[in-house]
Amino acid sequence: MREPKRNKIQSHYTALSKNYGGSIDYVNFKFYAYDSSTSVSEFMNYFNAQESRCSGAKVLASFVMEGSEGLSPANGFFLACRNLRDSGKLHGIFVWCADTLQSNDFQYEKQCRLSS
């Protein structure tokens, strides 16, 4: 069930990279559009696969606050970020709907700083 969703998401980034790859420095890949049951190892595989397709652009790790898609902070997102950091691949973290973090004193934004 996950494969068609990944292919749909990937097709947009493939076209972008094909047409503008040499002009793109950073890519906020929509990892938060994947299934909510995504594990840390699956996230790492997705990240590595996307990085290999991005024509030298740096891929950002990402998660979403509203909704429950992708690898969430509660399910290991920051562990994945530490793994990426330790392997020299963490170039930044993109948080979708970060303004919703105000209610918990921006806890995850603070964790992002510690992970990078």
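Each value in this text was obtained by applying a stated rule to the coordinates, not by laboratory testing. This structure is a prediction, so every number in the text was calculated from the model and none was measured. Ideal geometry is used to build each Cβ from the backbone, glycine not excepted, and the neighbour counts take in all protein chains shown.
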Worksheet item: How far apart, in nm, are the 7 Å Cα→Cβ label points at ASP25 and SER52?
Response: 2.7
Worksheet entry | Under 5 Å, built H, 5+ apart or other chain: amide partners of THR38 | GLY70
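Using the Kirkwood radius built from alpha carbon pairs, what does the Stokes-Einstein equation give as D for segment 6-75 at 10 °C and 1.306 mPa s, in µm² per second?
In µm²/s, the coefficient is 127.
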Practice prompt. Obtain the nm distance between the two label points defined at LEU16 and GLU42 by a simple spin-label model: each point lies 7 Å from its Cα along the Cα-to-C-beta direction.
Written response: 2.2
